[in-house]
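In what follows, a single structure is set out as C-alpha cells and then discussed.
Nothing in this text is a laboratory measurement; each read-out follows from the coordinates by a stated rule. Model, not experiment: these values are computed from the prediction. So basically every Cβ, Gly included, is an ideal-geometry build from the backbone, and we count neighbours across all protein chains shown.
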Amino acid sequence: MDDLRDKYLGLIGEAGDEAAIEALRVQAVGKKGEVALKMRELGKMTPEERQVMGPKLNALKDEINSALAAKKAALADAALNERLQAEWLDVTLPGRGRSAGTIHPISQVTEEVTAIFADMGFAVAEGPQIETDWYNFDALNIPGHHPARAEMDTFYMARAEGDERPPHVLRTHTSPVQIRSMQDQGAPIRVIAPGRVYRADYDQTHTPMFHQVEGLAIDTDISMANLKWVLEEFVKAYFGVDDVELRFRASHFPFTEPSAEVDIRCSWEGGVLKVGEGDDWLEILGSGMVHPKVLEAAGIDPTVYQGFAFGMGIDRIAMLKYGIPDLRAFFDSDLRWLRHYGFSPLQKPNLHGGL
Ligand code: DAH
C-alpha cells in the first residue's frame, strides 16, 4: 500500500494538465482502478485482516483523491496566472497622436462656408450630380443653341442606341440646385448649395471634377445691395479680415440680369497673398439678380418675387486661404499631401471657435 501511495502521489505531482489528472484518477481510484482491485482482495482475507486493511485502503483512496483535487486547483491557478500575464495591458500609456487621418481641405472649407452662411440664415440645399439637360441648361435660360453650352466643356452620359431623348449630363455647375430648391420650397427662400461639379478641363487650376457653392435668396424686396452686403460679410468672415474691398464688375450670365463678377482687393507681394490690401484684384465668384425666366421655370411669379444668386469655386477659395498652389494635387490621394494640408478631425470649424 505504501508503494501504491508513493507511485500515485509522485505521478500526480508530475501531471502537467487536467487531462493527465483525469487519466490518473481513473487509473488509481476509478471503478477498475488499482485501489478498487485491492479492495476486491478484501474478500479473500480473514475478518481480522479485513478490519485492519479496510480502513487503510479507504484512507489511501481519500488521500489520492485530495491530492488530485489539490493538483487540479494548482493547475487552474497557473493557467489563470499565465493568461493574466499574456493579456496584461498598461492603461496608463499615452494616446497615439495623430494617426487617425485628416479632414480634406475641401471638406474643411465647405464646413467653413456653410457655417458663415448658416449664421446669415441660409439653409443647405442639395441636388444630383447627374442632371438632366433641362435643369443644367434650359431652366437656367441657356437654350440649346446658346454658346454657354459649348463653353462649359460638358460631360454627356451615353444613351442606349436608338434612344432619342437628350442625354443626361454631369452637372457643370451648382446652379441647377437653384431650380430644384425653388420648385421644392417655393418663395421666399434662402439657400446655399455646395457640391461637386464636372467639366472636361485639366491644368494647374482646373480638374475635371471640382466644387462650387451656389447661393440663392428670393423674396419680395431683395436688391443688389443685399447681395453686396452678404458677400462682404462672407469674405470678412472667411478670410478673417475686417476691411475688405469688393469690386463688382459688369458681366454676363444667362441666368442673371444684371450680372456681376466679384473681385476682392489683394496684394501678391513677395508671392504671398494678402486679402484686403494692395493693388491687385482677384476674381472669386459670379453673381447677379436672378433672371425672370429662371424664376418662371422654377414656378415662381417674377412679378412678385425677385432676388440674387451667386456661384463660387470652393477649390479656388481653399487654394487662396491655405496657400495651396496646385489644384490637381487635391484629388491625388497622396497621404503626404493629405497629412500636410489636412485638418484635425477634432477641430470642426464654427464661428464661435474661429475659422
Ligand atoms: N454657374 C456659374 C458658373 O458655373 C456661376 C454663377 C454665376 C452662378 C452667376 C450664379 C450666378 O448663381 O448668379 O460659372
Segment 2-86: Lys pairs at Cα distance under 15 angstrom, eight or more positions apart or on different chains: 6
Spherically averaged projected area in nm², based on the convex hull that wraps the Cα atoms of the chain: 35.9
Protection proxy ranking, peptides 36-43, 277-284, average beta carbon neighbours within 10 Å, highest first: 277-284, 36-43
Contour minus Cα-Cα distance for residue 245 and residue 7 (0.36 nm per residue): 75.5 nm
Separation of the residue 225 and residue 39 label points, Cα + 7 Å toward Cβ, nm: 11.1
Cα-projected label distance for residue 165 with residue 326, points at 7 Å along beta-carbon direction, nm: 4.2
Zone of residue 267's modelled label, taken as backbone nitrogen in segment 223-242 under 17 Å from a point 7 Å along Cα→Cβ: 241-242
Separation between Cα centres of segment 96-173 and segment 178-256, rounded to whole Å: 13
Helical mean residue ellipticity (222 nm; -39500 (n - 2.57) per DSSP H run of 4+; nearest 500) of the chain: -12500 deg cm²/dmol
Gain on full stretching of the segment that runs from residue 280 to residue 20 - 0.36 nm per residue minus C-alpha separation: 84.7 nm
Euclidean distance of C-alpha centroids, segment 266-297 and segment 310-342, integer Å: 19
Cα gyration tensor shape for segment 2-86, rounded if a/c is under 1.5, else prolate or oblate: prolate
